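These notes concern the structure reproduced below.
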Amino acid sequence: MKLLLICIFSTLFSFAEEPVIINHKDLLSFENNGNQLTGIATSSMGSEEFEVWKSHIAPGSCTPLHVHNTQEVFVFLKGEGKVEIGGKATYFKAPCTVICPANIPHQFFNTGNEDSEQIVVLGIDSEIRAMTGNLMNLPWRR
């Protein structure tokens, strides 16, 4: 009986998988209008549920106004800025976390004098759309 329970439990919760270790010194970074993005856990790296990015926004720069079909979480490690979510502006200063709800347009602005630095987490392979409704086929997500 005990062996049967162990077999059922190990079938439901696989312990055979190995962790994925990603060396950050080998990662590619992408530039986009004053923004730098580096994937640190993506589907191409073995992540199955979440994408995790390290990004920087230069002073005076911003992300494009866009919308996701999943939540997007920004953990600001450095810098200050303004986030517009659903047309409402809120100012912030690191260290802080900003959670953008799914399906609500949002945009980040760096209002400070130094690059912001943030870790960004969102659902794996989520749809990102411009305000035109077009899917944003972003090269760094491949």
Worksheet item: How many of the residues in segment 130-139 are under 27 Å from Lys93 (Cα atoms) and in contact with a strand residue (DSSP E or B) (Cβ under 7 Å, 6 or more places away or on another chain)?
Response: 1
Worksheet entry | Pairs, first in contact (Cβ under 8 Å) with a residue 40 or more places away in the chain in segment 16-30, second aliphatic (A, V, I, L, M) and open to solvent by less than 60 Å² (accessible area, probe 1.4 Å), C-beta under 9 Å, six or more apart | Phe30/Leu37; Phe30/Leu138
Worksheet item: Considering segment 113-142 alone, what residues qualify as being of a type in the set (D, E, K, R), part of a strand (DSSP E or B) and either modelled with pLDDT of 95 or more or loosely packed, with under 15 Cβ neighbours inside 10 Å (or both)?
Response: Glu117
Practice prompt. Return the total of residues in segment 76-94 being assigned to a loop (DSSP other than H, G, I, E, B) and on the phi < 0 side of the Ramachandran plot.
Written response: 1
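Yes or no, residue by residue, for (1) at negative phi; (2) modelled with pLDDT under 95; (3) among the hydroxyl-bearing types (Ser, Thr, Tyr):
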residue	(1), (2), (3)
Gly34	no, yes, no
Ser43	yes, yes, yes
Gly46	no, yes, no
Glu51	yes, yes, no
Pro64	yes, yes, no
Worksheet entry | Subset tally (residues that are within 10 Å of the chain's Cα centre (by Cα) and of a type in the set (A, V, I, L, M, F, W, C)) for segment 50-95 | 6
Practice prompt. Please specify each residue of segment 64-75 satisfying the condition of being part of a strand (DSSP E or B) and either polar (S, T, N, Q) or farther than 21 Å from Asn137 by Cβ (or both).
Written response: Val73, Phe74, Val75
Worksheet item: Just for segment 95-112: of the residues that are in a loop (DSSP other than H, G, I, E, B) and open to solvent by less than 50 Å² (accessible area, probe 1.4 Å), which one is farthest from Phe74 (Cα to Cα)?
Response: Gly112
Worksheet item: Restricting attention to segment 71-79, does a residue exist that is without any contact (Cβ under 8 Å) to a residue 60 or more places away in the chain, open to solvent by 80 Å² or more (accessible area, probe 1.4 Å) and in contact with a Pro (Cβ under 7 Å, 6 or more places away or on another chain)?
Response: yes
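The values are calculated or read from the model by the stated rules, or taken from the named source; none is laboratory data. Quick caveat, the model's predicted, so the values are computed rather than measured. No Cβ is skipped: glycine too gets one built from the backbone with ideal geometry, and neighbour counts run over all protein chains shown. Side chains included, ligands, DNA and RNA excluded: accessible areas come from the protein's heavy atoms. Shrake-Rupley method; radii C 1.70, N 1.55, O 1.52, S 1.80 Å.
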